[in-house]
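Let me begin by presenting the structure, written as structure tokens, before commenting on it.
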Amino acid sequence: MTKKLAKIKYLPNNFKIIEPGNYVECAVSGKEISIENLNYWNVELQEPYFSHEEAFQRQEEIIKK
């Protein structure tokens, strides 16, 4: 199966697929996240995160600014 990067609109409790694909890239680590495993994102920044660790790291970066 060919991998394709999806384009997604992140909503407060869900997300909407704008362009179909089977993965997105973590905004912090660059790791691939399959759409089926996408659980962490930031609505305001419109960013996906691989895990709670990357989400926490991004939040810490924002607080420091």
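Out of the residues in region 47-65 that are open to solvent by 40 Å² or more (accessible area, probe 1.4 Å) and in contact with an Asp or Glu (Cβ under 9 Å, 6 or more places away or on another chain), state the one that is nearest to THR2 (Cα to Cα). This residue is PHE50. Only one of the listed residues (GLU47, GLU54, GLU25) is charged (D, E, K, R) and free of Cβ contacts under 8 Å to residues at least 24 places away in the same chain. That residue is GLU25. Of the strands (runs of 3 or more DSSP E) contained entirely in region 1-44, those carrying at least 3 residues that are within 21 Å of GLU61 (Cα to Cα) fall at 40-42. The condition of being under 16 Å from ALA55 (Cα atoms) and open to solvent by 100 Å² or more (accessible area, probe 1.4 Å) holds for only one of GLU44, GLU25, GLU32, that being GLU44.
The values are calculated or read from the model by the stated rules, or taken from the named source; none is laboratory data. In this text the structure is predicted, and so the values were computed from the model without any measurement. Ideal geometry is used to build each Cβ from the backbone, glycine not excepted, and the neighbour counts take in all protein chains shown. The area values use the complete protein model at the heavy-atom level, side chains included, leaving out ligands, DNA and RNA. Shrake-Rupley method; radii C 1.70, N 1.55, O 1.52, S 1.80 Å.
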